Structures are given as structure tokens and as C-alpha cells.
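*Asks:* Take a look at this one; I'll ask things after.
Read-outs: derived from the displayed coordinates by stated rules, not from any lab. Everything numeric here is computed off the predicted structure, so don't read it as measured data. Quick reminder, even Gly has a Cβ in these numbers, built from the backbone with ideal geometry, and neighbours come from all protein chains shown.
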Amino acid sequence: MKQKKCPHCGEYVQENSLTCPKCFGEIPRSPQEYVVKEDKKERSGKVPSAAVLLSVIPPFFGLLGLGLIYLHPKNSKGYWFLAAGLLLFLTSLALFYMIRHSGIFSAVFLFGAFVIIALIYVSAAVAALLETVFGSVLKFLKF
């Protein structure tokens, strides 16, 4: 039996299917309404490996989302990652400075706050990388 691509997710479906079994999107019946959406990374003409490098190296300096900004400069997701990353990175630096210049009891509480902020920053960096590579964190988790 013939197969065609789903216009929503790109999965191959049976030609007579009404909906996609993966994304549950409606499959068009006539050929003129059937348009397969291209992958944005392939259409942009930009090198995906450069975007991955921009998602891996700059987070060590507090810059998240540069890979997304490189691939899609008009999309606001990359700029949100950049703003959140800078805020979290600068907060963790301030907490680290305060830990070094405080008493032992204050340092214990500040260290706990530092660990929490650092974990949030690392998870945001991983989310920015997955967003760059897969287009969505949910696609990576197969939702």
C-alpha cells in the first residue's frame, strides 16, 4: 500500500489514513491541499553543527540560546534562553562571591541557594541544546 508523509510531523502514514498515528494531525484528502512542511534547519541553509557548537561552548560563560538565535534570529525562544541564562549565571556568580566573604552559617545557606541556581542553569542549558538539535524538548522526549 502507498504511503505519504504527514504534513504536521513528517511521519510516513498510509495513503488512505484520516489522521496521523504519531501526532494525530488531520491528513489532507486531495493532492492539492497536501503540502509537506520542510525542516526549518534544512531550509535555512545554516550549518547545524555550528548551531550545536554555539549551544555547547557559550553556556560556560553564561550565554544560553545562541544556537537557536543562529538558526532562527526572528524566533524569540533563543532570546528568552539568553536572558534567563544571563540572569541565572550572574546570580550564581554573586552567590559564589557572597559565600567566600561571609561567615560559616551564612555560607551554608548561601551554598544551598548556589546549588539550586546552578542546577536550574544546567537544566536550562540542556534544554537550549535539545531545542537547537531536535527543534523541541518534547520531540526528544517523544511526546
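*Asks:* Using a simple spin-label model with points 7 Å from Cα along the Cα→Cβ vector, what separation in nm is obtained for Val56 and Ala127?
*Replies:* The answer from the label model is 2.2 nm.
*Asks:* If a paramagnetic tag sat 7 Å from the Cα of Ala94 along the Cα-Cβ line, which residues of the range 100-119 would have the backbone N under 19 Å from that point?
*Replies:* 100-103, 106-119
*Asks:* What is the spin-label model distance, in nm, from His8 to Val108 if the labels are put 7 Å beyond Cα along the C-beta direction?
*Replies:* With each label placed 7 Å out from Cα toward Cβ, I get 5.4 nm.
*Asks:* If you don't mind, another one. Considering all alpha-carbon pairs of the range 41-121, what whole percent are spaced by more than 16 angstrom? Write down the numbers at each step before the final one.
*Replies:* Working: 1863 of 3240 pairs.
Result for the distance tail: 57 percent.
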